[in-house]
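Working notes for the structure below.
Laboratory data are not the source of any read-out in this text; all were calculated from the coordinates shown. Keep in mind that this is a model prediction, so the values were computed, not measured. Note that each Cβ is placed from the backbone with ideal geometry, even for glycine, and that neighbours are counted across all protein chains shown.
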Amino acid sequence: MPVQSLQNTDVILPQHTPHPLLPFLQSQSQNTLTRLYQRPSSCLSIFRLLGPIERQLIMNLLWLESAIPAATMSAWVMPEGKQAYDEALAVMAGLHIAPNSTVKLALNLTFKSSLRQAITGGGNTGSFGTPADKDYKRQSANIENLDAYALERWETILHYMVSSGQGQNPAKPSQGVLYLLQRSGLMNTAHGAILQITSSGFQFLLHSPHDQLWNLLLQYLHMAEERQMDLVEVLSFLFMLSTMDLGREYSTEPLSETQKAMLEDLRDYGLVWQRKVGSHSILLRWVPSINVLYYLQASSKRFSPTRLATTLTSSSPPLPSSHSTGGSRAADATGTVALSSGAAQQGFIVLETNYRIYAYTDNPLQTAVLNLFITMKYRFPNLVVGMLTRESVRKALSNGISADQIISYLTTHAHPQMRKNNPLLPVTVQDQIRLWELERNRLKSAEGYLYKDFASQADYEYVLAYAKQLDVVLWESAIKRCFFGTLEGHSNVRGFIERRTGAA
Amino acid sequence: MRAIKGVLLTCDSAVKQILLTMNEKDPFVIEDLDDYHLVIKADEEYRVRRELEAELEKNTYSLEAN
Amino acid sequence: MEKASHLSVIVDLSPTQWHLSAQASNQYPLSIETFLSQLLAFLNAHIASKHENTLVVFGALPGKSVMLYSSTELLTDDMPPLDANSYLPFKLVDSTVVRRIMDELDAIGKLEEEPPCALVGAVTKALCYINRITHHSSTTTGVAEDPTTLHDPRILILSVSPDLSSSYIPIMNAIFSAQKLAYVCKVYGPDTVFLQQAAHLTNGSYIYLERRDALLQNLIMSFLSPPFIRKILAVPKQDKIDFRAACFCHKNIVDVGFVCSVCLSIFCQPLPVCSTCRTKFPINTLKRLNAARPAITPASSRMGVPLANLNNATMPRSTSTPVPNGMSNLR
């Protein structure tokens with residue numbers, strides 16, 4: 001009666017790319033990190049950003065009272081997983097979660113107690129956000145409004161980048177955002193005061209919203225140190241946002257000064273929503289560090305996180321696509337995206353073997369991004385038709401976009417109907433895009449010096465051997481008795497020759 | 001012996017022949033090394049690239065219809 | 001990022017058994033309150049691992065099985081009050097599960113004779129639930145690469161009751177369907193033959209714990225990790241599996257029996273006609289086989305299925321030698 005059990009032996013470990021925030025955290029001092037770990041919400045968020053092995057190891061050690069010998073833990077490791085296990089331990093040590101030691105293995109005490117508090121609830125840090133009292137006078141924002149607000153803010157930024165400020169969309173992002181874009185190298189002032197998009201800006205546009213958001217936030221964190229904002233406050237506020245409930249209002253009372261100042265920036269990025277208070281209410285603020293008294297517009301005492309904020313540490317789609325047909329949202333008050341929404345609406349591009357592209361979208365931002373590498377042919381209310389031509393792809397390549405980025409953008413946003421094809425995109429089109437890229441690299445050049453007319457073969461070989469030692473030879477020919485060396489190596493070679501001829 | 005300043009160009013043989021033809025009109029080549037390499041004058045590189053691209057464009061045809 | 005995973009937990013809530021388990025006469029008593037607090041911490045740990053992880057909890061009560069919590073459907077209307085010191089999803093799980101268990105246990109009231117615990121019903125409901133959510137997501141999004149599609153659904157069965165021989169057939173049917181769909185079942189509980197087989201067939205693990213107060217640590221180390229992590233960090237597994245089955249006629253657990261060669265149903269006594277497929281058996285064969293029936297001794301070794309030697313685990317106790325069922329072939 002008992003049947004042979006299914007052998008599940010060929011489960012491949014999925015590729016885990018480390019989160020971009022982790023290197024930044026690892027560069028911080030242990031002191032900073034320990035202060036950060038005092039808040040349970042920060043521990044929980046960082047826990048979610050880690051890879052699966054690190055998470056399992058942390059969970060294994062979390063409820064132990066004392067340290068265990070490192071040998072005990074490594075006895076559980078299978079031989080083929082040894083390398084992954086060591087890498088996981090290294091990551092944890094870099095974040096000061098578990099000090100790397102060959103004798104004992106234990107969690108950082110602050111991290112351990114905070115994570116325990118996060119799981120069981122408790123403590124008095126208020127790190128998950130103090131909910132605001134119900135305001136019966138005014139309407140609080142519901143989830144659709146929050147999504148629309150976040151989408152509008154985010155697309156304004158991206159649209160500004162794509163059209164370099166000249167598009168038909170007159171809305172400009174705020175000064176803070178423009179400054180951030182410039183500092184992060186996504187745009188720069190090439191001619192005068194007008195901001196132009198750079199090649200890294202183009203690459204940025206083709207990333208997923210999640211990667212784009214974290215890219216900007218990392219830049220913000222780098223700038224925070226210069227603006228003398230306490231990094232721990234900034235980070236813990238971001239982590240607190242990621243654990244908040246979508247559609248609920250939270251009070252700004254318990255926030256620190258730094259965090260209240262952050263609210264304005266986060267409003268511009270579309271991460272939080274705040275009701276605007278009338279402009280006649282102004283506060284005077286004295287900032288001791290720069291000896292300036294300035295006016296601060298009083299803002300509302302409450303704020304709501306948008307979906308961009310609550311999905312910071314998860315892989316759910318942070319933005320509903322603007323052409324979504326509503327999707328079926330389960331009555332889930334925790335705000336998690338229902339199973340049937342999300343990815344189906346992200347895919348909207350159909351690519352044919354005759355290089356024609358049909359994009360089922362009416363979103364001007366997506367159209368603008370497609371315009372970067374496609375020649376548009378027709379536009380309909382719900383459809384954009386274009387072709388991948390040599391000119392359009394070369395224009396994109398000259399702007400700094402690579403062929404791989406174009407192909408991965410098309411793959412990520414492929415219409416569900418395209419999933420029937422194997423491979424997803426027609427091979428001819430993929431190869432041709434790469435060939436167009438290679439066309440630009442037909443001629444390679446290198447500056448340097450050509451050494452010829454040697455007196456004898458021995459002379460030539462002697463100098464050549466010396467140059468090879470310095471690794472500056474780009475081309476050589478024994479028949480012609482000459483070689484080509486780099487610009488940097490010239491002074492050394494010349495010195496060598498002069499010494500030789502001087503001595504001879 | 002001599003050391004001549006220049007730019008080493010690496011390319012395929014077809015492109016090299018095109019460059020040699022261009023060279024007859026407007027000399028820029030210092031030395032012809034082998035089937036895949038040329039040494040040209042350093043300040044001519046930009047002009048050479050532009051002219052090469054223009055020459056190669058003459059060989060590409062695209063369907064502008066439909 | 002890796003895919004979300006789903007966990008179905010089935011909790012045995014038989015009042016009698018929990019009362020017995022909490023007795024101080026046990027070596028390591030475990031009361032239902034302690035058990036629940038450790039279980040809730042484990043459930044929170046599962047949700048903490050990834051934002052998209054889903055969870056469903058079923059309770060097996062005397063005579064019926066109920067869904068206590070599901071992350072895709074709201075079962076109760078009132079939400080717990082939001083406070084600044086706890087993460088809302090955790091609070092939701094904890095309060096819903098506890099409140100539902102209290103309601104159900106109150107509803108049982110006083111019973112003259114406690115009907116058997118409906119563990120099988122709970123297992124079946126869990127299978128239906130998983131089937132519904134995995135197929136639901138695949139039909140609406142086409143075959144898209146949705147980061148929220150579920151992979152590796154797992155079933156965790158926490159039992160304190162001994163085996164119920166009348167539930168052998170329904171359990172095995174449920175386990176075979178789980179096997180076909182590649183769900184992994186893991187079992188924690190006392191000496192139960194059927195659940196051991198269930199874990200073995202679906203490539204899961206079976207743990208019986210002596211030190212019941214170490215439940216949480218054990219759960220985390222053995223059951224929290226998704227299957228692909230088990231390639232890296234090993235989990236303890238049962239060494240020897242008891243493969244005994246229950247006969248179809250009296251529902252007794254047998255070591256040696258008679259097997260119908262057509263439908264493979266097991267009987268402890270020879271029958272002229274198979275009750276499942278109505279095959280007639282020649283009477284001479286029956287007499288011959290009955291006479292040849294060996295005396296059952298636990299020490300004698302049998303041919304057939306060899307010992308299932310899985311990963312060496314430090315199991316403090318050993319089961320009786322596994323014996324294959326029914327070597328007799330009729331017809």
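Give me the Å³ per residue figure for the convex hull around the C-alpha atoms of region A:345-439.
In region A:345-439, the Cα hull volume divided by residue count equals 87 Å³.
Stretch residue C:291-residue C:249 to full length: gain in nm at 0.36 nm per residue minus the Cα-Cα span?
Contour length minus the Cα-Cα distance gives 13.1 nm.
Would region A:21-120 count as rounded, prolate or oblate if I go by the C-alpha gyration tensor, calling it rounded below 1.5 in a/c and otherwise prolate when a/b exceeds b/c, oblate otherwise?
Since a/c reaches 1.5 and a/b is larger than b/c, the shape of region A:21-120 is classed as prolate.
Across peptide A:110-121, what mean number of C-beta atoms from other chains lies inside 10 Å of a residue's C-beta? Show your work: numbers first, answer last.
Details: counts 0, 0, 0, 0, 0, 2, 1, 2, 6, 11, 7, 9.
Shielding by partners across A:110-121 averages 3.
Which distance in nm do the two modelled labels at residue A:106 and residue C:105 give, with both placed 7 Å along the Cα-to-Cβ direction?
Spacing of the two 7 Å Cα→Cβ label points: 3.6 nm.
Sort C:205, A:29 so that the residue with the fewest other Cβ atoms within 10 Å of its own Cβ comes first and the one with the most comes last.
Lowest to highest Cβ neighbour count: A:29, C:205.
For the pair residue B:58 and residue A:421, what calculated FRET efficiency results from E = 1/(1 + (r/R0)^6), where r is the Cβ-Cβ distance and R0 = 35 Å, to the nearest 0.05?
0.45
Take B:37, A:413, C:51 and order them by how many other Cβ atoms sit within 10 Å, fewest up front.
B:37, A:413, C:51
Which length gain, in nm to one decimal place, applies between residue A:354 and residue A:87 when the Cα-Cα distance is subtracted from 0.36 nm times their residue separation?
91.5 nm
Would you list A:65, A:257 from fewest to most Cβ contacts within 10 Å?
A:65, A:257
Exceeding 20 Å between C-alpha atoms, which entries from my cross-link table qualify? They are C:125/C:251; A:260/C:91; A:395/B:58.
Correct reply: C:125/C:251; A:260/C:91.
Counting Lys +1, Arg +1, Asp -1, Glu -1, what net charge surrounds residue C:118 among other residues with beta carbon under 11 Å of its beta carbon?
Taking every Cβ under 11 Å from that of residue C:118, the sum is +1.
Rounded to two decimals, what is the ratio between the C-alpha radius of gyration of region A:448-503 and 2.2 N^0.38 Å?
Taking the Cα Rg and dividing by 2.2 N^0.38 Å, one obtains 1.00.
Two decimals, Cα atoms only, Kirkwood Rh: what is Rg/Rh over chain B?
For chain B, the value is 1.09.
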